[in-house]
Structure formats: structure tokens, C-alpha cells
1. Among the candidates I55, I80, which residue alone is under 20 Å from the mean Cα position of the chain (by Cα) and within 16 Å of ligand 2 (Cβ to nearest atom)?
2. Here is a list: L44, L84. Which entry is within 13 Å of ligand 1 (Cβ to nearest atom) and either over 29 Å from Y200 (Cβ atoms) or assigned by TED's automatic domain parsing to the domain that holds C195 (or both)?
3. Go through (1) open to solvent by 20 Å² or more (accessible area, probe 1.4 Å); (2) away from ligand 2 (no atom under 13 Å from the Cβ); (3) within 14 Å of the chain's Cα centre (by Cα); (4) in contact (Cβ under 8 Å) with a residue 60 or more places away in the chain one by one and return the number of the condition A155 breaks.
4. Being open to solvent by 70 Å² or more (accessible area, probe 1.4 Å) and under 29 Å from S137 (Cα atoms) is the filter here; which residues of the stretch 28-41 pass it?
5. With the structure loaded, tell me whether L209 is surrounded by 21 or more Cβ atoms within 10 Å (Cβ to Cβ) and either in contact (Cβ under 8 Å) with a residue 24 or more places away in the chain or not charged (D, E, K, R) (or both) or whether it fails that test.
6. Applying the selection to the stretch 115-145, what residues are in a strand (DSSP E or B) and more than 16 Å from ligand 2 (Cβ to nearest atom)?
7. Does the stretch 50-59 contain at least one residue that is part of a helix (DSSP H, G or I), over 23 Å from N141 (Cα atoms) and open to solvent by 70 Å² or more (accessible area, probe 1.4 Å)?
8. Working carefully through the options K2, K82, K19, K70, find the one that is surrounded by fewer than 18 Cβ atoms within 10 Å (Cβ to Cβ) and either touching a residue at least 60 places away in the same chain (Cβ under 8 Å) or not in a helix (DSSP H, G or I) (or both).
Amino acid sequence: MKYKAIIFDLDGVICHTDKFHYLAWKVLADKLGVYFDEEINNRLRGVGRMDSLGIILERYEGTPLSEELKLAYSEEKNEIYKELLKNMSTDDLTKEVKDTLDKLRAEGLKLAIGSSSKNAKIILKQIGLEGYFDEISDGNNITNSKPDPEVFVKASDLLSLQPIDCLVVEDAKAGLEAALACGMDCAAIGDAVNCNLATYNLQSFSNLLSL
Ligand code: B16
Ligand code: MG
């Protein structure tokens with residue numbers, strides 16, 4: 001492989017937390033009387049928490065919400081989400097993903113996380129990957145979330161590598177756009193394959209071994 005490091009998105013690539021995001025946002029949407037379904041939830045993939053709330057509020061017709069109240073609602077959702085994350089375990093990390101990561105590392109590649117989530121470290125701990133990655137760039141060290149490239153730029157900085165030496169693996173359009181915006185090649189997986197934006201399209205996570 002021509003890269004020195006791979007930067008993995010977390011949710012939708014290493015493991016799947018969309019069902020927990022959905023359940024937590026649904027509680028808030030019901031409280032606000034806003035229609036919310038799985039299709040709208042799909043639009044939240046890779047999008048930061050406050051931007052996600054903005055998408056949900058597109059259908060809100062009540063009295064205008066102050067920024068302070070929006071922040072309080074997003075924190076309320078996050079508390080529900082964090083409770084749901086307690087249900088995650090090592091069973092949420094597939095053998096294919098773990099074996100592939102181990103083989104990539106054995107080939108000498110550095111492995112990092114580039115996630116919009118402020119809960120990335122909690123999730124990694126739940127699935128048994130605490131301390132596994134060389135670097136973690138997540139929602140806590142950025143001010144602009146994907147499609148802004150900040151999270152990936154910070155990851156390459158942490159790795160002390162140039163963007164051209166890093167490959168990003170993403171399941172969301174916003175993530176592919178973020179990678180391309182900072183000059184990184186990217187591999188799409190899942191729904192992101194249909195975006196036709198990626199350098200590579202993966203049918204399966206283990207396809208990374210043949211790039
Ligand atoms: P949090 P990723 C993203 O993770 C999720 O895909 C997205 O649905 C979520 O809104 C975002 O993290 C922020 O998450 O509320 O936990 O900070 O795909 O970038 O790993
Ligand atoms: Mg994702």
C-alpha cells in the first residue's frame with residue numbers, strides 16, 4: 001500500500017451506532033412534536049451533533065428556540081445516547097474488522113480514528129479497542145465538523161504525516177468531502193459507495209488489504 005497511515009471514521013466504519021443515535025434523537029423529536037424517521041436519521045451520518053439537531057429542526061413548527069435551549073436539547077439527547085451506548089460490547093466489533101486492522105498494523109501502517117463524535121473514546125472502550133489506535137482525532141478536538149476537513153487534518157498532524165500519506169475510510173458523503181478537501185485519498189464503504197466521490201470503493205472492510 002502506498003500510504004503510511006489509515007484514518008478510520010468510527011460510526012459506520014469500525015462499528016455501528018446509528019440505531020442508538022436514532023433512538024435518542026427520536027425521544028427528543030417526540031418531545032418537540034417533530035416528525036423523525038430512519039430516513040432522516042440517515043442524513044445525520046458523519047454530521048456533528050449541533051448540525052444533526054439543525055436537520056431534525058427543519059420540520060419544527062413551534063416557538064423559535066434560543067441557541068441556549070438548542071444546546072440544552074442536544075445535551076439531553078446525548079445523555080440518552082450515552083445510556084444506550086452501555087449496551088455496546090466486544091460483540092459490536094466484527095472479526096473481519098478486527099482481523100483486518102491487525103493485518104494492516106502488521107504491514108507497518110499507522111492506524112488512527114477521525115470521527116465527528118465527542119463520544120468516540122467511550123465507544124472504542126465499549127467495543128474493546130481502548131488504546132488500540134495510534135492517534136484519535138474526534139469531535140472534542142475540532143471546531144468545524146465534517147464536511148470541513150479539520151478532523152482529518154488534526155489526525156495527520158497527530159500522526160506527524162502529510163495528508164498525501166494518509167488514506168481515509170468513510171461511510172458518509174460528508175466524510176468523503178472532508179477527506180478530499182484536505183487532499184487525502186479516501187475509501188468509501190456502505191452507502192458512501194453510491195456517492196461516486198471516493199478514490200476506492202470497498203465492498204467489504206477486508207478489501208483494504210488488497211489496495
Ligand atoms: P456525538 P462518525 C458521527 O460519527 C455520527 O455518524 C453522527 O451521526 C453523529 O451525529 C456525530 O458523530 C456526532 O456524534 O453526538 O456522539 O458527538 O461517523 O464521524 O464517527
Ligand atoms: Mg461515519
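The values are calculated or read from the model by the stated rules, or taken from the named source; none is laboratory data. Being a predicted model, the structure only gives us computed values, none of them experimental. Reconstructed Cβ throughout: ideal geometry from the backbone, glycine too, with neighbour counts over all protein chains shown. What goes into the accessible areas is simple: the full protein's heavy atoms, side chains included, and nothing from ligands, DNA or RNA. Shrake-Rupley method; radii C 1.70, N 1.55, O 1.52, S 1.80 Å.
1. I55
2. Result: L84 is the single residue among L44, L84 that is within 13 Å of ligand 1 (Cβ to nearest atom) and either over 29 Å from Y200 (Cβ atoms) or assigned by TED's automatic domain parsing to the domain that holds C195 (or both).
3. If we test A155 against (1) open to solvent by 20 Å² or more (accessible area, probe 1.4 Å); (2) away from ligand 2 (no atom under 13 Å from the Cβ); (3) within 14 Å of the chain's Cα centre (by Cα); (4) in contact (Cβ under 8 Å) with a residue 60 or more places away in the chain, just (1) comes out false.
4. Residues satisfying the conditions are E38, E39.
5. No.
6. Selection gives E135 alone.
7. Scanning the stretch 50-59, I find at least one residue that is part of a helix (DSSP H, G or I), over 23 Å from N141 (Cα atoms) and open to solvent by 70 Å² or more (accessible area, probe 1.4 Å), so the answer is yes.
8. Sole residue among the options that is surrounded by fewer than 18 Cβ atoms within 10 Å (Cβ to Cβ) and either touching a residue at least 60 places away in the same chain (Cβ under 8 Å) or not in a helix (DSSP H, G or I) (or both): K2.
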